[in-house]
Amino acid sequence: MRLPARIRVLERGWLSANNVLLVEGAAATLVDSGYVGHVEQTLALVEHALEGRQLTRLVNTHCHSDHMGGNARIAARHGCPITIPEGEAGSIDRWDERELILGYADQRADRFRYDDLIAPGETIEMGGLEWDVHAAPGHDAGAVVFFSPDEGVLISGDALWQNGFGVVFGALLGNDAACVEARDTLDRIAALDARVVIPGHGAVFADVDDAIERARNRLAHYESSLDKLARHCVKALFTYALLDRRAMPLDAIEDYLGRVPVYVDLNRDFIGLERAAFARWLVADLERAGVVGREGGNLIPRIKA
Ligand SMILES: [Zn+2]
């Protein structure tokens, strides 16, 4: 994919979002810092990509664990300020483990302090380019995307991937407008007419119109049934937790689902299965999809972390 040399994408797996390093001269800005469990790997990758430059700023597209989990350690190592979207400031100030989908979903992140905020409508200079900051609510209410009109490059976070987008959590957690917001975000992205998208997960892609079409169709599918969205959300969050833990005893899963609040809430509000049936459905569905497998009494992930 043709990207200017000043934009370097460190493509990661699922636990850690992609990191984007934007370099100019002896300085560099990093967008998103990965999952806390991967922070040593992230530090090494960033160190290598810096090629001796100084990291002068760390910026987040939004504040989920896979995008900001490494903030504290990276900022401490490089002595750089942290910039987050204005819409995330309240949750970060309170370190609200439900709003940030941390302990609420058995995810972790090191608490950090931010130094400044960016808001939609502003521009931010990264790698010697001016990036327009656009609101991207839906997957996350405070999320933003960064667009360089000069290069036609969009850093989309979890608002748009080549095949889909991050779970629209808000629609399941009390924001009735979240799906409409996600649709408006896709419209806003479409209007940018980006040449290339650097997504939060997966490879950089140029078939932007097709990706937006796929995303719109997927969103319509979930909007037609929040039960489907809830089931998708449960599978995504459980797979994430399994990748983090690397294995979970099969006989502990039912208890786990009864203990981690997000599963209790989603099952009660949208899915409505008795706890044992809920666990059986989840394991069977993920096994059928080839996402998980069994090994000596444990459930293990079959996909790369
Ligand atoms: Zn996210």
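Each reported figure results from applying straightforward, stated rules to the coordinates on display, with no laboratory input. Please read these numbers as outputs of a predicted model, since none were measured by experiment. Every residue, glycine among them, receives a Cβ derived from its backbone with ideal geometry; neighbour counts consider all protein chains shown.
Considering only M248, M68, M126, the Gaussian network model of the chain with Cα springs below 10 Å gives its largest mean-square fluctuation to M248. Distance between the C-alpha centres of segment 61-85 and segment 97-161: 11 Å, rounded to the whole angstrom. For the chain, adding -39500 (n - 2.57) for each run of n ≥ 4 DSSP H residues and dividing by the number of residues yields -10500 deg cm²/dmol at 222 nm. Need one number: % antiparallel among DSSP beta bridges in segment 83-154, to the nearest 5. Of those bridges, close to 75 percent are antiparallel. Placing R0 at 25 angstrom, the Cβ-Cβ distance between E11 and T56 gives a FRET efficiency of 0.65 after rounding to 0.05.
Residue ranges 165-172, 89-96 sort as 165-172, 89-96 when ordered by packing (mean number of other C-beta atoms within 10 Å per residue, highest first).
Just so you know, the averaged projected area of the alpha carbon convex hull for the chain sits at 14.7 nm².
A simple spin-label model places the labels of D193 and R98 4.5 nm from each other, with each point 7 Å out along Cα-to-Cβ.
With R₀ set to 51 Å, the beta-carbon distance separating A220 from L3 gives a calculated FRET efficiency near 0.95.
For R113 and A76 in the same chain, what is the full-extension length gain: residue separation times 0.36 nm, less their Cα-Cα distance, in nm? Please report the intermediate quantities before stating the final value.
Details: separation 37, 0.36 × 37 = 13.32 nm, distance 1.07 nm.
Length gained between R113 and A76: 12.3 nm.
Positive contributions from Lys and Arg (+1) and negative ones from Asp and Glu (-1), summed over other residues with Cβ under 12 Å from the Cβ of N163, come out at -1.
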